[in-house]
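K.L.:
For reference, the structure I am asking about is given below.
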Amino acid sequence: MDGLKVLLIDDEEELVTTLAERLEWRGFSVHWATNGADAIQKLKISPYEIILLDLKMPGLGGLDLLKIIKRDYPDLPVIILTGHGSLDGGKPEVPEGVAAYLAKPINLDDLIARMKEAVEREHHA
Amino acid sequence: MPDETPESTDLTQAGLAFFGAVTASVTHELNNVISIIDQTIGLLDDALAVAEEGMPVRPETLARVSQGIKRQTVRGVEQIKRLNAFAHSADHLRCEVDINALMSNLAGLYQRLAGLRKLSLEFVPSPEPLLITTNPFTAQQLVFLCLSEACDQAEKGGQIKVTCSKNLAGGEINVEIAPVKLVLKKHKELSERLAMAFNETLGVQESDSGLTVTIQHQHQHHHQHQHFKHSRGSHEYASFISR
């Protein structure tokens, strides 16, 4: 999993830069974006192997961005990171096409384990 | 306790929904604050782990961790104070309220919700003191409904402007989204029912500039009041004064 290319998308810049740095120390290659439009541009330029996506963002929100990603990059695994206890206020439901769903604050070891699982699942699909 | 009618149940539910919306927004922001602090401390842990293998922790890393945690602590404390003031606005059905402080706090709480719609929010207090005896929770609820309409109707990248002013009967809070003329759509019925429930001492009108929440002085009974003030540093953050 060395050098696994990650795109991290969250409107909280301080969270994104800190998480990116910690992932890079662990051997991942991380780009980040703080809004949907920037994320879409980055996806066009660079190939990624996994996306970490926050649900609640200004403008193009996480769910809308997820639809675009699943439409244009159907084989790219996406892990949702969210501050919500659940998506619809009830029992947590993982949207279709999402590899995993993690509630903030994120446990980094847990995140890395889910990332590896998601990428291996995609490779074997 | 009077029996609840379907009408009063609906208004109670609407009040709870308002309280829930504000609480959900603030707790979401607080969760982000804690997440950032958590990852920042994780960064320090990572640096310490590397230090155990011989590479010392750089002063720049320590400074960054310290400053990051301080920044988020200030942000978190501000949100908690705002939410606490909002929660206490439900303490009394009727009390004398500093409308400028009340609405400044609400505007602060609404910033994140406006930001999610890519809108900015400007608050303009009245130049003179605006102390009115009213139901502070419902007064905020009506302004919140107007802000919700503003978010739905404003142009992308636009600005919501909230202005307080005094009038002969009490005061008013104007919500506008120039150049669009803001009207009551989604919340028209609820705002009318709230106005009726308060004998029109609270209400929302459409005007040329936007939506105006009017607050008339309510007849003040003799009852126990409490002085409630909170501040941040040397600034008067918000004060609800009841005599």
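The values are calculated or read from the model by the stated rules, or taken from the named source; none is laboratory data. For clarity, every value in this text was computed on a predicted model and none was experimentally measured. Cβ coordinates were reconstructed from backbone atoms using ideal geometry, including for glycine residues, and neighbour counts include every protein chain displayed.
K.L.:
Can you pull out every residue in the range B:12-28 that is among the aliphatic types (A, V, I, L, M) and either over 14 Å from B:Tyr110 (Cβ atoms) or more than 10 Å from chain A (Cβ to nearest Cβ) (or both)?
P.N.:
Matches in the range B:12-28: B:Ala14, B:Leu16, B:Ala17, B:Ala21, B:Val22, B:Val26.
K.L.:
Any residue in the range A:51-79 that is at positive phi sitting within a Cβ distance under 9 Å of a residue that is assigned to a helix (DSSP H, G or I)? List the pairs, counting only those 6 or more apart or interchain.
P.N.:
A:Gly59/A:Gly36; A:Gly59/A:Ala37; A:Gly59/B:Leu116
K.L.:
Within the range B:151-195, how many residues are without any contact (Cβ under 8 Å) to a residue 60 or more places away in the chain, more than 22 Å from B:Val124 (Cα to Cα) and surrounded by 13 or more Cβ atoms within 10 Å (Cβ to Cβ)?
P.N.:
Total meeting the criteria: 5.
K.L.:
May I ask you to list the residues in the range B:84-117 that are surrounded by fewer than 18 Cβ atoms within 10 Å (Cβ to Cβ) and in contact with a Pro (Cβ under 6 Å, 6 or more places away or on another chain)?
P.N.:
Within the range B:84-117, B:Gly115, B:Leu116 meet the criteria.
K.L.:
Which residue out of B:Gly210, B:Gly203 is at pLDDT 90 or above, among the small types (Gly, Ala, Ser) and either touching a Phe, Trp or Tyr at 6+ places or on another chain (Cβ under 9 Å) or crowded, with 20+ Cβ neighbours inside 10 Å (or both)?
P.N.:
That would be B:Gly210, the only listed residue that is at pLDDT 90 or above, among the small types (Gly, Ala, Ser) and either touching a Phe, Trp or Tyr at 6+ places or on another chain (Cβ under 9 Å) or crowded, with 20+ Cβ neighbours inside 10 Å (or both).
K.L.:
Oh, and also: How many residues does the range B:52-63 hold that are within 13 Å of another protein chain (Cβ to nearest Cβ) and in a helix (DSSP H, G or I)?
P.N.:
Matching residues across the range B:52-63 total 2.
K.L.:
Does B:Glu78 satisfy being more than 19 Å from A:Thr17 (Cβ to Cβ) and at pLDDT below 95?
P.N.:
No, not satisfied.
K.L.:
When you scan the range B:107-117, how many residues do you find that are free of Cβ contacts under 8 Å to residues at least 12 places away in the same chain and touching a strand residue (DSSP E or B) at 6+ places or on another chain (Cβ under 7 Å)?
P.N.:
Count: 1.
K.L.:
Consider B:Ala49 carefully, then state whether it is at the interface with chain A (Cβ under 10 Å from one of its Cβ atoms), exposed (fewer than 14 other Cβ atoms within 10 Å of the Cβ) and either modelled with pLDDT under 95 or within 27 Å of A:Leu15 (Cα to Cα) (or both).
P.N.:
Considered against the rule, which asks whether it is at the interface with chain A (Cβ under 10 Å from one of its Cβ atoms), exposed (fewer than 14 other Cβ atoms within 10 Å of the Cβ) and either modelled with pLDDT under 95 or within 27 Å of A:Leu15 (Cα to Cα) (or both), B:Ala49 comes out as yes.
K.L.:
While we're here: Here are B:Ser120, B:Ser66: which of them is surrounded by fewer than 21 Cβ atoms within 10 Å (Cβ to Cβ), of a type in the set (Gly, Ala, Ser) and touching a strand residue (DSSP E or B) at 6+ places or on another chain (Cβ under 7 Å)?
P.N.:
The conditions single out B:Ser120.
K.L.:
Okay, next question. Tell me which residues, restricted to the range B:4-28, are among the small types (Gly, Ala, Ser) and under 24 Å from A:Lys56 (Cβ atoms).
P.N.:
Across the range B:4-28, the qualifying residues are B:Ala14, B:Ala17, B:Gly20, B:Ala21, B:Ala24, B:Ser25.
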